[in-house]
Amino acid sequence: MIIVMNGKTDHSDVEKVINKLKELGHEVHISRGEKRIILGVIGNVENLVSVPFYAYNGVEEIIRILKPYKLASREFKDFDTTIKVKDIIIGGKEVIVMAGPCVVENEQQIFETAHQVKTLGAKILRGGAFKPRTSPYSFQGLGEEGLKLLAQAGKENGLAVVTEVMSVNQIDLIAKYTDIFQVGARNMQNFVLLTELGKTKKPILLKRGLSATIEELLLSAEYILSEGNYEVVLCERGIRTFENYTRNTLDLSAIPAIKILSHLPIIVDPSHGTGRWRLVSPMAKAAIAAGADGLIIEVHPDPKSSLSDGAQSLQLDTFAQLMKELRPIIQAVGREFGSSLENELERIKN
Ligand code: PEP
Ligand code: MN
């Protein structure tokens, strides 16, 4: 259930409603916009039915959210969520590019990639240290050594970093090195992991499961939000279909669909979405045209020698070409590339 209050309501009047909800045993999730303040209550709300909330100053509407996800829904928040990571805003007007290797392999590889992608306009460095490999015999990542290299390469090049967390017992370790926790497709419904990440204070990049529906993705986001971490970035990374020319079928329609259903930012991973490097650039451009807030792309200085996902990794020159070709598309959809933090903050305020 949500209680919609006028955005100009006195703080003390808002507090009165919150206190009433708390007194009746509810946790309150608050979304403050310019025009409206929304108080969200999830779970069983039967004991609220007889409370005369309309009698409270500032209360304009009481709505039962019918969707199974509540805090992730547009009903709860009718303006887009923006997430600040260092001096980067995800979900604002600027399109954010995250790039880097599938897996951190060694110092030379990650530093060279970081330097190049930064020069070309990427804002966030990706790289796995703990990898969810399909085969137990494949390279599983460098573990903490990989995290250290990723963090150093990010720091030296002025990039934020994102890396995957696969289990609850990795959270504390990874938190020491990363700016964003990535939840991989295979863990989208690891509800214990989502719940624990919901208790952290770092943004979560939540990838769509291999065969998850959009509703299931939003319900997984809800696990994180309902614990109090509202900083979730969704990621479309392709789903399993009968098509096997591509590794997955990149569901571009998920982008506008999620924009209708949710206020959370959505980015696209055309690397895992296609599995073939030749398809990465066209699908990256299509994703921006369809309204994605950003991209996460696998880039490797020498894909042929890559220890993971070489076939879908862009070489640095192909990545450079893509970054050039993206600009007119970003402009055509009214977005920006490389805007300053001040501009972004100013825009969000208005
Ligand atoms: C990755 O980004 O490295 C990855 C393993 O992706 P996904 O979870 O989407 O397969
Ligand atoms: Mn990969």
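The values are calculated or read from the model by the stated rules, or taken from the named source; none is laboratory data. Keep in mind it's a predicted model, so treat the numbers as computed, not measured. Here the Cβ is made from the backbone with ideal geometry for all residues, glycine too, and neighbour counts use every protein chain on show. The accessibility values were calculated without ligands, DNA or RNA, using every heavy atom of the protein model including side chains. Shrake-Rupley method; radii C 1.70, N 1.55, O 1.52, S 1.80 Å.
Some values worked out for this structure:
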| read-out | value |
| --- | --- |
| Residue check for ILE288: away from ligand 2 (no atom under 13 Å from the Cβ), modelled with pLDDT of 95 or more and over 13 Å from the mean Cα position of the chain (by Cα) | yes |
| Of the criteria (1) closer than 18 Å to THR81 by Cα; (2) of a type in the set (A, V, I, L, M); (3) touching a residue at least 60 places away in the same chain (Cβ under 8 Å), which one ILE42 fails | (1) |
| Neighbours by Cβ (under 6 Å, 6+ apart or cross-chain): first from the range 258-282, under 24 Å from GLU222 (Cα atoms); second away from ligand 2 (no atom under 13 Å from the Cβ) and of a type in the set (Lys, Arg) | HIS263/ARG74; HIS263/LYS77 |
| All positions within the range 19-70 that are of a type in the set (A, V, I, L, M, F, W, C) and open to solvent by less than 30 Å² (accessible area, probe 1.4 Å) | LEU21, VAL28, ILE37, ILE38, LEU39, VAL41, VAL45, LEU48, VAL51, PHE53, VAL59, ILE65 |
| Breaking point among (1) polar (S, T, N, Q); (2) under 26 Å from ASN343 (Cβ atoms); (3) part of a helix (DSSP H, G or I), for THR81 | (3) |
| Per-region count, the range 211-250, residues more than 26 Å from ASP179 (Cβ to Cβ), more than 16 Å from the chain's Cα centre (by Cα) and not aromatic (Phe, Trp, Tyr) | 11 |
| Number of the condition not met by GLY141 [criteria: (1) surrounded by 23 or more Cβ atoms within 10 Å (Cβ to Cβ); (2) within 25 Å of ILE96 (Cα to Cα)] | (2) |
| Sole residue being part of a helix (DSSP H, G or I), open to solvent by 10 Å² or more (accessible area, probe 1.4 Å), within 16 Å of ligand 1 (Cβ to nearest atom) and under 21 Å from ASP309 (Cβ atoms), chosen from GLN170, GLN108 | GLN170 |
